[in-house]
1. Sort out which residues of region 466-490 are surrounded by fewer than 16 Cβ atoms within 10 Å (Cβ to Cβ), of a type outside the set (A, V, I, L, M) and at pLDDT 90 or above, and write them in order of number.
2. Can you tell me which residues in region 383-410 are among the hydroxyl-bearing types (Ser, Thr, Tyr) and either in a helix (DSSP H, G or I) or touching a residue at least 24 places away in the same chain (Cβ under 8 Å) (or both)?
3. Of all residues in region 362-382 being without any contact (Cβ under 8 Å) to a residue 60 or more places away in the chain and of a type in the set (A, V, I, L, M, F, W, C), which is surrounded by the most Cβ atoms within 10 Å (Cβ to Cβ)?
4. Can you name the number of the only condition in (1) at pLDDT 65 or above; (2) surrounded by 12 or more Cβ atoms within 10 Å (Cβ to Cβ); (3) among the small types (Gly, Ala, Ser); (4) not assigned by TED's automatic domain parsing to the domain that holds SER238 that ALA120 fails?
5. Scanning for something modelled with pLDDT under 75 and outside the structural domain of ARG434 (by TED's automatic domain parsing), does region 216-237 turn up at least one residue?
6. Take the residues in region 187-216 that are crowded, with 17+ Cβ neighbours inside 10 Å and among the charged types (D, E, K, R); name whichever of them is farthest from SER238 (Cα to Cα).
7. Which residues, counting only those in region 168-189, are within 20 Å of the chain's Cα centre (by Cα) and closer than 13 Å to VAL224 by Cα?
8. Search region 121-146 for residues that are among the charged types (D, E, K, R) and pair each with any residue that is in a loop (DSSP other than H, G, I, E, B) and modelled with pLDDT of 75 or more when their beta-carbon atoms are under 9 Å apart and the residues are at least 6 apart or on different chains.
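The values are calculated or read from the model by the stated rules, or taken from the named source; none is laboratory data. Since the model is a prediction, treat every value here as computed from it, not as a measurement. Here the Cβ positions follow ideal geometry from the backbone for every residue, glycine too, while neighbour counts run over all protein chains shown.
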Amino acid sequence: MATAIALEALYRLRGLRVMGQWLAAGTGLVFVTFVGIALRLNLTTISFLYLMIVFAVALFCGFWQASLASFVAVVCLDYFFTPPVFHFTVTDPQNWVALFVFQGVAVAISRLSAKELRSASEATIHRVGMEQLFEVSRTSLLLDLHQAPGPQLVILIQRIFGAEAVALFDLNLGRQDRAGEWNEGEENLAKDTYLHETATVDQHTNTWRRILVARPGPVGCLVVRGKLSPLVVDALASLAAIVIDRYQSFDKEERAENAFKGEQLRAAVMDALAHEFKTPLTAVQTASSGLLELGGLSVSQRDLVTLIDDEAVRLNKLCTRLLMTAKLESGQVGLQTDEVNVLELVSEVVSNHYKGATKNRMDIVTEDPDLNVRVDRALLAMILEQYIDNADKYSTPDTAIEVAIRKSRTEVLISVHNCGSVIRIEDRERIFDRFYRSADMKESVPGTGIGLSVVRNAAEAHHGHVWVISDEREGTTFFLSLPIGARRQH
């Protein structure tokens with residue numbers, strides 16, 4: 001109802017404007033004719049005045065009004081001022097010349113005036129469009145990125161540009177949002193447009209379709225129905241793509257931050273538990289070791305006490321690794337570096353921690369038995385023990401475990417190889433994250449996901465690197481590279 005009233009008022013205003021233009025032109029011709037007769041102006045002067053009237057009508061009214069005014073001016077010129085006066089004598093060549101001149105002026109001036117008016121109208125449209133685009137871009141910065149951007153954007157575009165209907169398809173969220181009135185069968189217009197990649201415009205319905213492109217590629221589609229310029233529609237599509245990209249970046253940052261905070265909380269809890277477990281575990285281990293030393297136990301009792309002692313040792317190692325991880329990550333570990341013979345340290349780790357069948361599977365290979373590296377001996381021993389433990393747990397029974405020591409010009413390379421389960425490509429980086437365990441192994445092999453994270457932190461404390469390669473035919477090999485003589489500065 002309001003729209004109909006507005007249109008009716010607009011038509012009335014346009015009608016009044018046209019009537020006013022005709023009235024002004026007629027008044028001007030009558031006035032010039034009256035002045036010419038009263039002052040008895042000569043033909044040249046009155047012709048010039050009539051020409052000015054035609055010029056003014058062409059400039060302010062238009063071609064058709066100027067054409068009629070030129071015809072009336074020629075008639076008045078012939079009737080009132082060309083001898084014999086008060087008679088129509090169209091046969092006089094002067095009348096034809098005047099008519100052609102007036103008509104030429106009407107055409108030329110009306111064309112120029114129409115061109116200027118069109119340019120001014122286009123400039124006004126562009127200015128208004130730029131102001132609206134600025135408003136959209138400014139308001140889009142205030143959108144709530146905790147919520148999906150689609151519903152907010154379609155309402156914003158429709159409100160600011162007065163569009164009949166707006167639809168947005170967000171590929172990342174897999175959702176389509178709409179505002180305004182859509183016809184039956186257009187429920188999935190934005191999604192279908194994206195799937196067919198058709199950036200078009202329907203001139204009949206003024207429906208604009210644009211594919212939204214951000215840094216990684218297409219991110220969705222925008223459909224707007226309304227009287228807009230192509231530049232404005234393209235700019236709106238760019239703004240919508242930027243908003244969707246901002247939302248994706250914000251979502252990733254928020255998830256990363258939440259994951260980081262969760263990891264911090266979990267690490268803090270585990271570190272606190274490790275501190276609390278240390279004292280009772282030490283007491284249990286001391287008691288079990290004391291019982292074994294005292295003797296006098298039956299075979300069953302001795303087996304049970306031995307089991308308690310072994311598990312207490314294992315839990316004590318786990319607590320030590322937890323505490324070491326926390327210190328390494330916070331940079332609180334001061335490296336006690338010294339020249340360490342790598343072959344001797346590997347042999348010592350194997351002799352002290354492995355017995356029986358596991359020890360017999362070990363094969364230590366080195367090109368330089370006298371190779372030394374400046375490291376923290378305890379940390380390097382912990383790295384070697386973790387690598388060999390992993391090789392023992394995940395290897396095929398009765399297959400060899402090879403520890404190789406090599407030297408290049410700038411670094412020492414230690415590798416531990418075994419044949420057994422294969423580590424997937426997507427897990428080869430993540431297994432060095434704390435608490436992460438491969439989905440293939442977490443159910444079949446016991447573990448905590450702590451050991452390899454300690455290995456990486458200890459290697460980085462020495463400015464070294466760790467990585468793994470794994471293949472069904474070649475097996476799995478964990479690597480540790482240490483720069484010769486490098487150490488962390490404190």
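1. TRP467
2. Taking region 383-410 first, the residues among the hydroxyl-bearing types (Ser, Thr, Tyr) are 387, 394-396, 399, 408, 410.
Within region 383-410, TYR387, TYR394, SER395, THR396, THR399, THR410 qualify.
3. Of region 362-382, the ones without any contact (Cβ under 8 Å) to a residue 60 or more places away in the chain are 362-372, 377-378, 381.
Restricting the remaining residues to those that are of a type in the set (A, V, I, L, M, F, W, C) gives 362, 364-365, 371, 378, 381.
Values: MET362: 20, ILE364: 15, VAL365: 12, LEU371: 17, ALA378: 12, ALA381: 18.
Checking each candidate, the answer is MET362.
4. So the condition that ALA120 fails would be (2).
5. Within region 216-237, the subset modelled with pLDDT under 75 is 216.
Imposing the further condition that a residue be outside the structural domain of ARG434 (by TED's automatic domain parsing) reduces the set to 216.
Among the residues of region 216-237, at least one is modelled with pLDDT under 75 and outside the structural domain of ARG434 (by TED's automatic domain parsing), which makes the answer yes.
6. Out of the qualifying residues, it is LYS191.
7. Initial filter on region 168-189 (within 20 Å of the chain's Cα centre (by Cα)): 168-177.
Answer for region 168-189, where residues must be within 20 Å of the chain's Cα centre (by Cα) and closer than 13 Å to VAL224 by Cα: LEU168, PHE169, ASP177.
8. Cβ pairs passing all conditions: GLU122/SER229.
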